[in-house]
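Okay, structure first, notes after.
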Amino acid sequence: MAAPLTLLLIVAVTIRAALYRSSLADLISERVEVVSPLTAWKRVVEGLALLDLGVSPYSGDVFHETPLIIYLFHFVVDYAEITFMLADVITAVALYMAVMDYNKQVFRKQKFALEADRYPHDCLELIRTPKEMYYIPLKVAMFYLLNPFTILSCVAKSTCGLNNAVISLFILSTIKGNVLLSAVFLSLATYQSIYPLTLCAPALLYLMQRQYIPVNFRRASFWWFMAQYGFMYLGSLSVIVCLSFFLLGSWDYLPSVYGFILSVPDLTPNIGLFWYFFAEMFEHFRLFFLCVFQINVFFYTIPLSVKLKEHPVFLIFMQLAVISIFKSYPTVGDIALYMAFLPVWSHLHRFLRNIFLVSCVLLACSALFPVLWHLWIYAGSANSNFYYAITLLFNVAQILLVSDYFYAFLRREHHLTYGLYLKRKDGSEATLVLK
């Protein structure tokens with residue numbers, strides 16, 4: 001598998017290098033679907049210019065990235081293109097290794113269940129074979145590296161690519177069972193954009209499952225592990241926050257980065273749900289609806305964790321999707337990360353209900369984004385309602401995609417427990433309804 005992965009990495013880097021040298025690079029870096037006020041390279045350059053002049057980059061309303069990002073590019077600004085390509089390579093390799101390790105564990109558990117005769121005999125066709133699982137890690141890397149969303153994000157030099165690299169390293173550390181590195185990378189991801197905090201739940205569930213610690217509030221081992229992980233996570237986060245203070249010499253970055261993410265003052269159009277809604281909002285309603293919109297990202301963590309406590313890796317996929325849909329400043333780079341996991345769930349295709357329709361809608365919306373933007377901003381023959389309508393449809397399609405995979409996953413698990421062909425007491429065929 002090393003040779004195909006190496007070839008894939010060479011092809012991916014070549015495509016990015018060619019686009020960097022083309023006239024499209026400047027056009028892509030201006031697209032509101034690809035960059036946001038948080039991740040735009042232009043704003044990083046502005047922040048670097050202020051830093052070089054001895055002025056705090058957070059003194060104005062231009063730069064909203066974290067201090068570690070600006071100090072990273074303070075040293076490697078001349079190699080920015082290589083840095084972003086390297087971030088994509090790290091993400092792909094980390095996902096490749098994580099999925100490979102996860103597949104080994106799935107196959108091992110499946111083998112033990114078969115030997116113990118836990119599966120009904122009529123659902124053996126649902127059992128995954130080593131042959132179909134062999135190329136899944138490579139497909140995951142391919143889905144990430146050759147996804148147009150990832151390529152556009154890299155060519156635009158969006159710092160979203162760096163966030164994805166940190167999250168992928170967190171996923172790899174978690175699946176490998178390294179508690180310390182998992183906590184460190186999760187704290188780094190949270191430091192970057194707050195929302196990855198919700199990934200703490202699947203990480204804890206997976207690590208406890210790996211160490212055979214039952215999820216039982218009455219067990220001392222459960223609380224002891226929670227305390228250990230919490231201490232490592234909060235300790236790492238405190239170190240990173242204090243390091244940022246010592247680099248910058250002030251706490252100016254806290255309201256400028258995290259306050260900006262949570263209060264959403266910049267209503268530049270993007271592919272998210274916030275900008276249009278709050279542009280039309282009466283000011284005295286703003287705080288209430290801001291809380292409602294922000295709670296969306298965190299609200300689903302508890303019910304999903306309860307439902308998927310035995311399947312924390314699928315929970316990670318669900319949480320990444322929820323973050324990319326409901327965060328305040330999403331870009332296509334966020335979507336590319338959770339879409340990279342779709343090959344891992346290829347065995348669910350027989351239970352998907354709307355995959356063709358949703359795929360068509362996502363493709364159509366992706367094509368219509370620049371068209372409607374041009375009609376609104378340049379041609380003047382449309383308005384913001386047109387662009388937001390396609391944004392809304394795009395997000396509805398994402399929600400349908402994720403909920404379809406959620407339904408398919410639960411249905412397969414139900415069949416593995418009760419059998420593929422369900423019968424009523426009178427012998428007639430039963431219909432499965434998931435509530």
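The values are calculated or read from the model by the stated rules, or taken from the named source; none is laboratory data. Note that this is a predicted model, so its numbers are computed, not measured. Here the Cβ positions follow ideal geometry from the backbone for every residue, glycine too, while neighbour counts run over all protein chains shown. Heads up: the accessible areas ignore ligands, DNA and RNA and are worked out on the full protein's heavy atoms, side chains in. Shrake-Rupley method; radii C 1.70, N 1.55, O 1.52, S 1.80 Å.
Within the accessible area of the range 1-418, the carbon and sulfur atoms contribute 70%, probe 1.4 Å, all protein chains present. Across the range 339-414, Cα-Cα pairs more than 14 Å apart make up 65 percent of the total. Ranked by the mean number of other Cβ atoms within 10 Å of their residues, highest first, the peptides 254-262, 173-181 come out as 173-181, 254-262. Using R0 = 30 Å, the C-beta based FRET efficiency linking H349 and L247 works out to 0.05. Here the Kirkwood formula, the inverse mean of 1/r across different C-alpha pairs, assigns the range 17-161 a hydrodynamic radius of 18.3 Å.
Highest-first packing order for the peptide set 274-282, 81-89, 28-36 is 28-36, 81-89, 274-282, based on the mean count of other beta carbon atoms within 10 Å. Note: the range 2-75, Cα convex hull, 130 Å³ per residue. Against the empirical 2.2 N^0.38 Å (N residues), the chain has a Cα radius of gyration ratio of 1.02.
For the chain, the per residue solvent-accessible surface stands at 47 Å², with DNA, RNA and ligands left out and a 1.4 Å probe.
Under the criterion of Cα pairs below 8 Å and six or more residues apart, the relative contact order for the chain equals 20 percent.
Peptide packing for 110-122, 222-234, 60-72 was compared via the average number of neighbouring C-beta atoms within 10 Å per residue; ordered from the highest value, the list is 60-72, 222-234, 110-122. For the pair H74 and D122 in one chain, pulling the backbone fully straight at 0.36 nm per residue adds 11.2 nm over the alpha carbon distance. Both radii were evaluated on the Cα set of the range 372-425; the Rg over Rh quotient, with Rh as the Kirkwood radius, amounts to 1.45. With contacts taken as Cα pairs under 8 Å and at least 6 residues apart, the range 137-211 reaches a relative contact order of 22 percent.
For the range 130-166, applying the loop criterion from DSSP together with a ceiling of 15 other beta carbons within 10 Å to the chymotrypsin sites (Phe, Trp or Tyr not before Pro) yields Y135. Averaging the sequence gap over all C-alpha pairs within less than 8 Å and six or more residues apart, then dividing by the number of residues, gives the range 276-396 a relative contact order of 18 percent.
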